[in-house]
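The values are calculated or read from the model by the stated rules, or taken from the named source; none is laboratory data. It should be emphasised that the depicted structure is a prediction, and the values quoted were computed from it without experimental measurement. When we count neighbours, we look across all protein chains shown, and the Cβ atoms used for this are built from the backbone with ideal geometry, even at glycine. For accessibility, only protein heavy atoms count, side chains too; no ligands or nucleic acids. Shrake-Rupley method; radii C 1.70, N 1.55, O 1.52, S 1.80 Å.
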Amino acid sequence: MASENVKTGDSAVTTIVNLAEEAKLAREGVVKAPSYALASICKSLVAGGVAGGVSRTAVAPLERLKILLQVQNPHNIKYNGTVQGLKYIWRTEGFRGLFKGNGTNCARIVPNSAVKFFSYEQASKGILHLYKQQTGNEDAQLTPLLRLGAGACAGIIAMSATYPMDMVRGRITVQTEASPYQYRGMFHALSTVLREEGARALYKGWLPSVIGVIPYVGLNFAVYESLKDYLIKSNPFDLVENSELSVTTRLACGAAAGTVGQTVAYPLDVIRRRMQMVGWNHAASVLTGDGRGKVPLEYTGMIDAFRKTVQHEGFGALYKGLVPNSVKVVPSIAIAFVTYEVVKDVLGVEIRISD
């Protein structure tokens, strides 16, 4: 799987490099500019960025509650369920508390989504080109397995590019008014972590994030694209109009894709968040239990984090926050996909993966 990911990533990167080289040659008058050049690429990036920002903002309160449930000190429980947790945040921190960390999340997710969607389209083109060469069939189409590879590749590239922002976003999100030390914003948090814990601290939890990308992002793309293609070809219940699916149908496809991806990858997300909190000087009160609970566990790595979590809190701890995550991830992923395609259509982006 690792070697396949590397090859997939090389295909996406090579395609981007080739586009840049062709654009350079076109400026010099050596060759004619490619038909899918810079304008289409920029529009795809804008569409992906808008999709990410809109979807995350819509479910920001549930996102914050999920993270609080994942990392809170088990010896001093403050958040004990979706409804109770949201009410507690409202009562203790007010309306703004529901959206704490959302600004940093949007600053991260916009470039993340843009790079992810763009990388997927470019990786798909490269993979399909290689697939046609290997099979000798010029009419070949991407299989679900190939879509999974393209989606995983896109997710890893995007996540790695913006991971330090995600790491500090997690810490800002779990801060409360009672926390002994406050990060004042994303840049202050980045500089503080860099100064107090070193550059490597910005990538705490990166490994489970990479592993989780494969089922989460990969399945999201694969299930969504496969469902959409199936419905267009078979047209059950007359869902297709003018060779296109309605927004409602695309929303349902995105919801199904999000449900599959988040269920498979969720334990890795819990471990990632817990690893991000390790070594935090003046940690948030939700982690320390206001000084009344035991000191949070230290983890030496991903396997150690899994072992200690299950040993001290049981297997169910790997699914803490699953309920608000399930409530949020379905509309979040669905809105992201639909918003992307709507904005893409408005901007006149033509994706030609079959070329």
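For segment 301-335, what are the residues that are modelled with pLDDT of 80 or more, among the aliphatic types (A, V, I, L, M), open to solvent by less than 60 Å² (accessible area, probe 1.4 Å) and touching a Ser or Thr at 6+ places or on another chain (Cβ under 9 Å)? I'd like the intermediate steps shown before the answer.
Here is the first cut: in segment 301-335, the residues modelled with pLDDT of 80 or more are 301-328, 335.
Remaining after also requiring among the aliphatic types (A, V, I, L, M): 302-303, 305, 310, 317-318, 322-323, 327, 335.
Those still in the list that are open to solvent by less than 60 Å² (accessible area, probe 1.4 Å) too: 302, 305, 310, 317-318, 322, 335.
Once the filter is applied, which keeps residues that are modelled with pLDDT of 80 or more, among the aliphatic types (A, V, I, L, M), open to solvent by less than 60 Å² (accessible area, probe 1.4 Å) and touching a Ser or Thr at 6+ places or on another chain (Cβ under 9 Å), segment 301-335 yields Ala317, Leu318, Leu322, Ile335.
Scanning segment 199-235 for residues that are over 17 Å from the mean Cα position of the chain (by Cα), basic (Lys, Arg) and either surrounded by 17 or more Cβ atoms within 10 Å (Cβ to Cβ) or closer than 17 Å to Ala255 by Cβ (or both) gives a single hit, Lys228.
Of the helices (runs of 4 or more DSSP H) lying entirely inside segment 183-289, those containing at least 2 residues that are at pLDDT 90 or above span 186-197, 206-234, 247-277.
Residues that are at pLDDT 90 or above and more than 19 Å from Thr173 (Cβ to Cβ) do not occur anywhere in segment 59-72.
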